[in-house]
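The values are calculated or read from the model by the stated rules, or taken from the named source; none is laboratory data. Note that the structure is a prediction, hence the values are computed from the model and not measured. Quick reminder, even Gly has a Cβ in these numbers, built from the backbone with ideal geometry, and neighbours come from all protein chains shown. These accessible areas exclude ligands, DNA and RNA; they are computed on the full protein's heavy atoms, side chains included. Shrake-Rupley method; radii C 1.70, N 1.55, O 1.52, S 1.80 Å.
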Amino acid sequence: MTAPLPSIPRALSSPHSILPSPVLLRPQSLPRRRRWTPSAAVSAAFQWNRKPQLAGETPRVVVVTSGKGGVGKTTTTANIGISLARFGFSVVAVDADAGLRNLDLLLGLENRVNYTAVEVLNGDCRLDQALVRDRRYPSLELLCISKPRSKLPLGFGAKALTWVVDALRSRPSGAPQFVLIDCPAGIDAGFITAIAPANEAVLVTTPDITALRDADRVTGLLECDGIRDIKMIVNRVRTDLIRGEDMMSVLDVQEMLGLALLGVIPEDSEVIKSTNRGYPLVLNKPPTVAGLAFEQAAWRLVEQDTMTAVMVEEEPKKKGFFSFFGG
């Protein structure tokens, strides 16, 4: 005699019991999109676990120069200035390009510049009135030399800009920890004026022969002026062109100029977008590769550190038809 089969519960015997509950099909129960959080690699790049240690005597007066125009001096000044302010340091960014200033545009402060250094020297305003404080990071201030499309007076030169920097050192609210001077292109009087109060220099160049020749010439002029602490940033680097031997590598650039390497900025289309918005690249979320590179360069600038260039492996050359026969 066979044993009776176990009774099946009524809930499981119903043909509809195998279907999922309607509650599970509601849109409210679907998993929500997770918010973007920085990955471990990004956290390591930013080194958020500590603040960079400030090296050297303050204020550190750094001139950002190149010689050749269009290599990214103003973009570098804006992004490094914002990065230093994000690290918690007080920064005054000085646009020393008379008549062709653009630093206020890249920082989004063009509508707030009422006075310039020329008005300060003429006695039309105080120095604190000419300084424009960034609302996102109040520790960053902007000082423009002159108004757009205006010429500097004959009396404004190297001594005048040195007096402005000395006034920043002795202002009642306290001296800034960094003074970044955005140098105009060329090696004329504007260049001589911009480098006069500086004791450090950041040389921005691109890996093309015209920019490198101008950078080499500027390096000699900086050394003649007594500026020995010179570091370079190689901008607009494309690894695909380097592999194809269509662009000089960072190692080649460093060998030609013989300067310590502060940073390597890859080619990034987001640079143009951030420039048109007046929003520095380092503030983008999620961060871009070029933005991270600018932030790391600012970190090295604080600690007076440098980086080591890495050789990019060259792509093997394509073999032709006659290579089959050993050609």
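Things to note:
- Annotation: Phe156 fulfils all but one of (1) assigned to a loop (DSSP other than H, G, I, E, B); (2) in contact (Cβ under 8 Å) with a residue 60 or more places away in the chain; (3) surrounded by 20 or more Cβ atoms within 10 Å (Cβ to Cβ); the unmet one is (2).
A quick yes/no check of all residues on (1) more than 21 Å from Gly70 (Cβ to Cβ); (2) among the hydrophobic types (A, V, I, L, M, F, W, C); (3) within 20 Å of the chain's Cα centre (by Cα):
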position	(1), (2), (3)
Ala167	yes, yes, no
Phe178	yes, yes, yes
Ala196	yes, yes, no
Ile227	yes, yes, no
Glu245	yes, no, no
Gly263	no, no, yes
Asp268	no, no, yes
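- Residue within segment 180-188 that is closer than 25 Å to Met307 by Cβ, out of contact with any Pro (no Cβ under 8 Å at 6 or more places or on another chain) and open to solvent by 50 Å² or more (accessible area, probe 1.4 Å) present: no
- Where a residue in segment 264-277 is in contact (Cβ under 8 Å) with a residue 40 or more places away in the chain and assigned to a helix (DSSP H, G or I) and its partner, wherever it lies, is open to solvent by 40 Å² or more (accessible area, probe 1.4 Å) and of a type in the set (A, V, I, L, M), with Cβ under 9 Å and at least six apart: Thr275/Leu105
- Residue in segment 278-290 that is open to solvent by less than 50 Å² (accessible area, probe 1.4 Å), part of a helix (DSSP H, G or I) and not hydrophobic (A, V, I, L, M, F, W, C) present: no
- Enumeration of residues in segment 137-147 that are at pLDDT below 95 and charged (D, E, K, R): Lys147
- For segment 278-299, filtered to residues that are in contact with a strand residue (DSSP E or B) (Cβ under 7 Å, 6 or more places away or on another chain) and touching a residue at least 40 places away in the same chain (Cβ under 8 Å), the residue that is farthest from Pro207 (Cα to Cα) is Gln296.
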